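Everything on this sheet refers to the single structure shown next.
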Amino acid sequence: MKGSQANPANHEAPDLAEVPHDLIGSLRTIVGVKNVRTGAGADVDPGQHPDNLGAGIIVSPGSTEEVAAVVQLCRRHGVPVVAHGGRTGLVGGGISRPGEIVLSLARMSRIERLDPVERTAVVQAGVSLEALQVAALEHRLEPGIDLAARGSATIGGMVSTNAGGVMAFRNGVMRHRVLGLEAVLADGTVYSDMTRVVKNAAGYDLKHLFIGAEGTLGIVTRVVVKLDPTPRATATALFGLPSVGAALELIRLALDSEGGQLRAAEAMWRPYIGLAASAHGWAEPGFDLDLPVYLLLAFGGAREEILRAEFERLFVELLERHPETIGIVAGSKRQEEVLWQLREDTDVIYRAYEAAPSYDVSVPLSEIDTYVERILAGLSAIDDDLEPYVFGHLADGNLHIILNRQGPLPQPVAEAIEAVLYADLAALGGSFSAEHGVGSKRIRSLLATADPGKLNLMMHVKDTLDGLKLMNPGKVLPLAPLPAKDSNERGNPSDA
Ligand code: MLT
Ligand code: ZN
């Protein structure tokens with residue numbers, strides 16, 4: 001996590017945090033003076049969301065015991081606790097307010113054990129994905145999950161948001177990579193299930209309560225991650241295609257390949273790749289950027305030459321059915337990186353449109369073509385200038401849609417856009433939140449679309465585990481109780 005080093009002068013800064021002064025003193029006793037930063041000191045570590053550090057106080061425990069002691073203390077004072085990992089979230093799950101404390105897991109960044117025979121890693125919550133990837137690679141292993149924010153995203157944060165990324169179509173999401181975990185509950189007790197085996201049918205699998213709960217049911221402190229063998233070689237190719245149907249056909253062919261194992265299938269619609277290519281000054285002779293959709297494929301296998309040859313074979317096969325297809329195969333690691341940068345540096349959009357509104361949907365593969373056509377028409381009916389940047393993890397149906405608008409949008413426009421993007425998604429078998437979670441930004445959408453039975457059960461679980469509502473309040477579920485409703489009503493959107 002960048003900027004996580006404590007500023008030695010911090011404890012002399014004025015306490016701008018709006019929590020009781022004696023609480024701050026007790027927090028310093030638990031975690032050490034330099035690990036409580038307040039006021040101006042808290043600003044030295046800016047989060048990506050401007051309100052992440054709204055609490056004005058960051059407490060950084062160094063162990064599960066210290067996390068538990070902090071939670072117990074805050075509970076006695078009735079002070080809410082907002083857990084922070086790498087602050088790479090996109091839905092305001094980490095925002096904090098005056099009167100709360102931010103509990104950063106940055107100091108808990110130790111890989112406690114990495115066992116190449118078991119193919120497991122035991123890590124503290126603040127370990128970054130990249131640190132785990134690097135450590136696992138020494139044993140020719142990998143965590144089986146990958147995403148662009150790997151340098152700052154932490155394992156604890158990824159568990160808490162049930163992160164997805166580029167390998168989900170093959171390996172599942174974070175939930176499927178976690179064998180066991182430890183979490184500090186709202187009452188300061190520790191839930192511990194550090195199982196290191198795949199099979200464990202001993203009663204309710206309660207670790208799943210904390211995976212994807214965004215810190216609202218407890219704070220994940222340690223995790224057992226399942227590792228997989230990593231291939232000896234990889235290769236990457238970029239294809240330009242006449243339709244989504246052709247892209248899905250190519251994914252099917254690639255999945256069926258005997259020469260390589262498909263590791264990623266990332267789609268970029270024309271407006272997105274055009275922007276990314278021009279931002280990075282990227283162009284390849286003969287590789288035009290005027291086709292509807294582009295697909296970045298990665299293969300893993302024994303030897304690069306074999307994998308590159310396999311891409312050539314796929315290209316020829318696809319060309320027979322779709323003569324408009326174009327393709328390039330990266331001839332070196334450097335070229336591979338350049339192609340991946342086009343897909344992963346999505347900040348090019350935010351540099352062009354500050355705080356551009358972004359959406360993260362899951363659509364069943366058989367519906368994607370119609371879905372994209374429908375939303376493009378629906379958005380241009382709202383405003384014919386509205387041309388979204390669409391890209392995402394096509395092999396699992398997860399699309400990211402970012403508007404060519406500066407955010408935030410006026411509320412009525414935002415609602416009209418969501419009505420277009422989310423219409424029928426649940427009925428189609430998709431989701432309005434694929435991998436970014438609910439946070440504070442998507443509560444309205446959750447209330448508007450979730451089955452009432454699911455919402456009731458979610459609230460029941462929250463009441464049971466955090467009756468005082470001190471764990472990351474106002475995230476996932478609204479702060480205020482939902483009004484009584486009949487089965488046709490879906491709650492009160494005003495808290496989102
Ligand atoms: C990605 O896949 O690049 C992220 O999940 C989405 C984003 O950065 O908007
Ligand atoms: Zn993504």
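The values are calculated or read from the model by the stated rules, or taken from the named source; none is laboratory data. In this text, all values refer to a predicted model and were calculated from it rather than measured experimentally. With ideal geometry, Cβ positions are generated from the backbone for all residues, glycine too; neighbour counts draw on all protein chains shown. Surface accessibility is based on the protein's heavy atoms, side chains included, excluding ligands, DNA and RNA. Shrake-Rupley method; radii C 1.70, N 1.55, O 1.52, S 1.80 Å.
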* Structure fact -> Taking the dipole of the stretch 220-278 about the Cα centre (Lys, Arg +1; Asp, Glu -1; charges at Cβ), the one of 229, 242, 271 that reaches farthest to the positive side is 229
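On alpha carbon coordinates alone, what is the Rg over Rh value for the chain, Rh being the Kirkwood radius?
0.97
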* To do: Please work out how much accessible surface residue 459 shows to a 1.4 Å probe, ignoring ligands, DNA and RNA, in Å² rounded to 10.
  => 50 Å²
* Structure fact -> Taking Cα pairs closer than 8 Å and at least 6 residues apart, the relative contact order of the chain in percent is 14 percent
* Simple label model, 7 Å out from Cα along Cβ direction - residue 290 to residue 427, nm -> 3.9 nm
* Would you rank 208, 400 by solvent-accessible area, highest first, keeping every protein chain in place and using a 1.4 Å probe? => 208, 400
* When you count, for each residue, the other Cβ atoms within 10 Å and take the mean per peptide, how do 78-84, 376-382, 407-413 rank with the highest first? -> 78-84, 376-382, 407-413
* Between residue 263 and residues 5 or more places away or on another chain, which pairs have amide H atoms under 5 Å apart, with H built 1.01 Å from N, and which residues are they? -> 298, 299, 300
* Tally the DSSP beta bridges in the stretch 352-465 and give the antiparallel ones as a percent, rounded to 5. => 90 percent
* Structure fact -> Given backbone amide H placed at 1.01 Å from N, residues whose amide H is under 5 Å from that of residue 180, ignoring those fewer than 5 places away on the same chain, are 224
* **Distance between modelled label sites at residue 190 and residue 309, nm, 7 Å Cα→Cβ extension** => 5.4 nm
* Structure fact -> Applying the span-like rule to the chain (DSSP H, Cα extent along axis at least 24 Å, Kyte-Doolittle mean at least -1.0) gives 304-321
* Structure fact -> So, relative contact order of the stretch 352-465 in percent, Cα under 8 Å, 6 or more apart, is 33 percent
* Sorted by mean Cβ packing within 10 Å, highest first, what order do the peptides 143-154, 338-349 take? -> 143-154, 338-349
* Asked: Taking the Cα centre of the chain as the origin, how large is its charge dipole in debye, to the nearest 20, when only Lys and Arg (+1) and Asp and Glu (-1) carry charge on their Cβ atoms?
  -> 1540 debye
* To do: Sum up the charges of everything whose Cβ sits under 9 Å from the Cβ of residue 64, counting Lys and Arg as +1 and Asp and Glu as -1, but leave residue 64 out.
  => -2
* Asked: Along the stretch 431-437, what does the Karplus equation 6.51 cos²θ - 1.76 cosθ + 1.60 (θ = phi - 60°) give for ³J(HN,Hα), rounded to whole Hz, x for Gly and Pro?
  -> 8, 7, 9, 7, 9, 9, x
* Note down the relative contact order for the stretch 233-345 as a percent, whole number, built from C-alpha pairs under 8 angstrom at least six residues apart. => 45 percent
* Structure fact -> Taking the alpha-carbon centre of each part, the distance from the stretch 292-311 to the stretch 347-414 in Å is 28 Å
* Asked: Over what distance in Å are the Cα centres of the stretch 98-134 and the stretch 212-252 separated?
  -> 20 Å
